[in-house]
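Here, each number is a calculation from the coordinates, and none is a lab measurement. Given the structure is predicted, the values throughout are model-derived calculations rather than measurements. For neighbour counting, all protein chains shown are included, and Cβ atoms are generated from backbone atoms with ideal geometry for every residue, glycine included.
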Amino acid sequence: AKADGRGTFRFFESAMDKEVQNRRALELDMREAMAAGEFELHYQPLLDLARDRIVGFEALVRWNHPSRGTISPGIFIPVAEDTGLIVPLGEWVLREACAEAARWPADVRVSVNVSAVQFRQRNLVQLVMSALASSGLAPGRLELEITESVLMQESEASVRILHQLRALGVRIAMDDFGTGYSSLSYLRRFPFDKIKIDRSFVKELSANPESTAIVRAIVSLGRSLGISTTAEGVETHEQLEIVRAEGCTEIQGYLLSPPRPARDAVPLLFRQHRS
Ligand code: C2E
Ligand code: CA
Ligand code: CA
Ligand code: CA
């Protein structure tokens, strides 16, 4: 039994070491990957339900690793946030997305995810101004998606930055709405332009009547505050019909299209009225 215990402990310890080594390796790789141009943006369309038109695309970063294949942002973004690498990576994402969107029709927006770590850099507003100026993108065509974590720490400084960004004409969306502890109180602190209803609510829409009630409540809240609502992660026609009936402004999800490279995503704009 004693030997077993030690064996288990050793196994656990080496699994921990491995985890640490993995993250360390990922961090080193990531620094080189930035220089080597291994990051790429994919774009996922957002459909306005009333107009039945694609009104924007969300930029989502991908890492094409030469030996490990495509690494999901769910794995490398947290490491990038812990190590501070999210700052140069986030800057690249913002500049790249603005430059890409400047080539699209003038009524189509681009949404960019901004990490809480980027808000702690005091030059975020200057960075956004610079990305807009060098791409020539009109500020109203840029939407920044933030999560509650931005408002959790240093919330006064963050709210000030949000107001400065808004003053530029940039739109601000609250991402993953409903998953945090105090989504509602953040709506009081800052007048968001858009709420993105988290995928976890949309996923259960047909099976779980409580989820429908929650979506209904979020949409009605948005309506009374003058905030538009996007249902994330719409995968089925049934989910689409429910969120449409509940009055969501926009949908995003695999039903419409997964995130794709710009060359594959942008043509969706020109194909949409031919079907
Ligand atoms: P998010 O901002 O909530 O992005 C939506 C995620 O849902 C994306 O995952 C997207 O591919 C996925 N998705 C979209 N439609 C569906 C659907 O119908 N079904 C399902 N199951 N999933 C769907 P992705 O691209 O893996 O990104 C994961 C997260 O990584 C993002 O969640 C965001 O938090 C973060 N992320 C991605 N790109 C960036 C970036 O450039 N900067 C920062 N700071 N974070 C990023
Ligand atoms: Ca997002
Ligand atoms: Ca989201
Ligand atoms: Ca998310």
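Quick look at the numbers
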{"read-out": "Hull shadow area, averaged, the range 91-227 [alpha-carbon convex hull, nm²]", "value": "8.7"}
{"read-out": "Inter-centroid distance (Cα atoms) of the range 177-210 relative to the range 28-97, Å", "value": "23"}
{"read-out": "Calculated P(r) of the range 55-150 - Cα pairs past 21 Å, %", "value": "34"}
{"read-out": "Per-residue ³J(HN,Hα) for the range 176-186, Karplus 6.51 cos²θ - 1.76 cosθ + 1.60, θ = phi - 60°, Hz, x for Gly and Pro", "value": "6, 4, x, 8, x, 8, 9, 3, 5, 5, 5"}
{"read-out": "Under Karplus coefficients 6.51, -1.76 and 1.60, residue-wise ³J(HN,Hα) of the range 222-237 in Hz, glycine/proline x", "value": "x, 4, 6, 9, x, 10, 6, 10, 10, 8, 8, x, 6, 10, 10, 4"}
{"read-out": "Percentage relative contact order, the chain, counting C-alpha pairs under 8 Å, at least six apart", "value": "17"}
{"read-out": "Neighbour count of at most 15 Cβ within 10 Å plus DSSP loop: longest chymotrypsin sites (Phe, Trp or Tyr not before Pro)-free window in the chain", "value": "1-180"}
{"read-out": "Value of relative contact order over the range 18-92, rounded to a whole percent, pairs C-alpha under 8 Å and six or more apart", "value": "25"}
{"read-out": "Under-5 Å amide H pairs with Phe57, H placed in peptide plane, nonlocal only", "value": "Leu46, Arg109, Val110, Ser111"}
{"read-out": "More than 14 Å apart - percent of Cα-Cα pairs taken over the range 201-252", "value": "42"}
{"read-out": "Residue of Glu96, Glu241, Glu81 that the Gaussian network model of the chain assigns the largest fluctuation, springs spanning Cα pairs under 10 Å", "value": "Glu241"}
{"read-out": "P(r) of the range 148-275 over all Cα-Cα pairs, binned every 10 Å from zero, in whole percent", "value": "12, 37, 32, 17, 1"}
{"read-out": "Ellipticity estimate at 222 nm from DSSP helix runs (n ≥ 4, -39,500 (n - 2.57)) divided over the chain, nearest 500", "value": "-16000 deg cm²/dmol"}
{"read-out": "Selection of trypsin sites (Lys or Arg not before Pro), the range 60-153, meeting DSSP coil and at most 16 other Cβ within 10 Å", "value": "Arg68, Arg103, Arg122"}
{"read-out": "The chain - Rg (one decimal) and Dmax (whole number), Cα, Å", "value": "20.3, 71"}
